[in-house]
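The structure appears below as structure tokens.
Taken together, the values in this text are just the output of simple stated rules run on the coordinates, not laboratory data. Everything quoted here is computed from the prediction, not taken from an experiment. Every residue, glycine as well, gets a Cβ built from its backbone with ideal geometry; the counts of neighbours run over all protein chains shown.
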């Protein structure tokens, strides 16, 4: 290898197959000296199985190991066995920094109990675009200062409990109408425009005692800064803006290079090299073992040929070493009483974020109801699977007269699905997509938006917005339907 002090595998985060560490996977990690693994839903079994997996990984990855996960809250919560945190936008609706800090700490305690030391959260994206297909309720809101305040509080809680945070997605994914998992978005804003909105939270957490330990990049082209490369691969964005203009000195990790926005244009190997040249420290190179090996080998070859600066690579390794030393892998038992308190905290936070729009009122318990929802909502690979119709039905337990209508695709709702026959039509949106044009003339008596809050822009009806469908959110909605919960939160994004 070109640098005797480290191996290029130390700069790459990979994923692994299965819920156990297979011998061939362990051998691959050892042979390539990989120190960082990202866990996904496919890796997570029972809590005991997760702890065995992380213990086995720690033994293979070594003393400076990093095990990462996306445990944001809301719909992006991989370890569903833990107390389920509210979506960021639910916390934004309550606008309580102490609550946000307590939630961040509780999330960290759960991850620490599983043997995980790096969480790719909180989200710093300012959701200024209601058509955004991938951020929405994952953001704390549309006001960059509120986003900065609440994200900083959430992060303080996490850091205090010994879990590293990774804020994302730099320099901002909130104004896109394209999901970078599927295509390459473009945000045509000048640096001055970004400074006035998107960069405010990132600047607030770039330096000093509030500095985030790590930042994740966005696969988005900002043509007024770099017309050729997405931010993940752009020297102008990562070095010029993040490192130099904002003065950030922490770890920079890429979003997953397997996402189509990057993979279809560059492939794993070339993208890994370009990311380090741009100013990143760690490419997130998921994929097959062959693709992961190709990324590591490409970095080694680039070091040999001088395509990557040796001093920059050593600095990247040093930053990752420092992160692992500050947040060492440790499995701390989750005391039952603490876990119960954290679960109740999450439920309370969900309830405090519930929003009522257009003077919505609960239906009478004896009123004849028609509940229209989607039969099932599969995971899209970013969010967990949506609420199935059976769980929607459970919201109306205790109501005397309920007829249920399940559609295969709720976004294609038509007016004839809501007949005017004396029943109160209650539309329960358990899916994430915005409604199609045909649905927008439908007039339910009540709209329960259990996921994407911007769906209430499509349906002009009294509405309740829960920002998600975790147990705490459902308990809050059910309490409201029964007339037991008073709601006072205000949406942190413009809604009618």
Heads up, segment 354-481 by the C-alpha gyration tensor (a ≥ b ≥ c square roots of eigenvalues; a/c under 1.5 rounded, else a/b over b/c prolate, else oblate) looks rounded
If R0 = 30 Å, then residue 305 and residue 260, at their Cβ-Cβ distance, give a FRET efficiency to the nearest 0.05 of 0.60
Taking the Cβ of each residue in 383, 488, 479 as the centre, tally the other Cβ atoms inside 10 Å and list the residues starting with the fewest. 488, 479, 383
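Can you give the extra length, in nm with one decimal, that the chain gains between residue 145 and residue 312 once fully stretched, where that is 0.36 nm per residue apart less the Cα-Cα distance?
The residue 145-residue 312 span can extend by a further 56.8 nm.
Provide 403, 47, 198, 337 in ascending order of the number of other Cβ atoms located within 10 Å of each residue's Cβ, fewest first.
337, 403, 47, 198
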Compute the length gained on full extension between residue 358 and residue 335: take 0.36 nm times their separation in residues and subtract their Cα-Cα distance, giving the result in nm to one decimal. 4.0 nm
Label-point separation (nm) for residue 403 and residue 97, each offset 7 Å from Cα along Cα-to-Cβ? 5.3 nm
With each run of n ≥ 4 DSSP H residues scored as -39500 (n - 2.57), what mean residue ellipticity at 222 nm is computed for the chain after dividing by its residue count and rounding to the nearest 500 deg cm²/dmol? -10500 deg cm²/dmol
Pop the C-beta distance of residue 186 and residue 244 into the FRET formula with R0 = 25 Å and round what comes out to the nearest 0.05. 0.60
If each of residue 475 and residue 326 carries a label point 7 Å out from its Cα toward its Cβ, how far apart are those two points in nm? 3.4 nm
Take the alpha carbon atoms of segment 303-330, find their center, do the same for segment 1-74, and report the distance between the two centers in whole angstrom. 17 Å
Given a Förster distance of 30 Å, report the FRET efficiency between residue 420 and residue 40 from their Cβ-Cβ distance, rounded to the nearest 0.05. 0.05
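How would you classify segment 8-326 from its alpha-carbon gyration tensor, with a ≥ b ≥ c the square roots of the eigenvalues: rounded for a/c under 1.5, else prolate if a/b is greater than b/c, otherwise oblate?
oblate
Taking the number of other C-beta atoms within 10 Å as the exposure measure, put 427, 395 in order starting with the fewest. Let's see the in-between values first.
Working: 427 27, 395 23.
Lowest to highest Cβ neighbour count: 395, 427.
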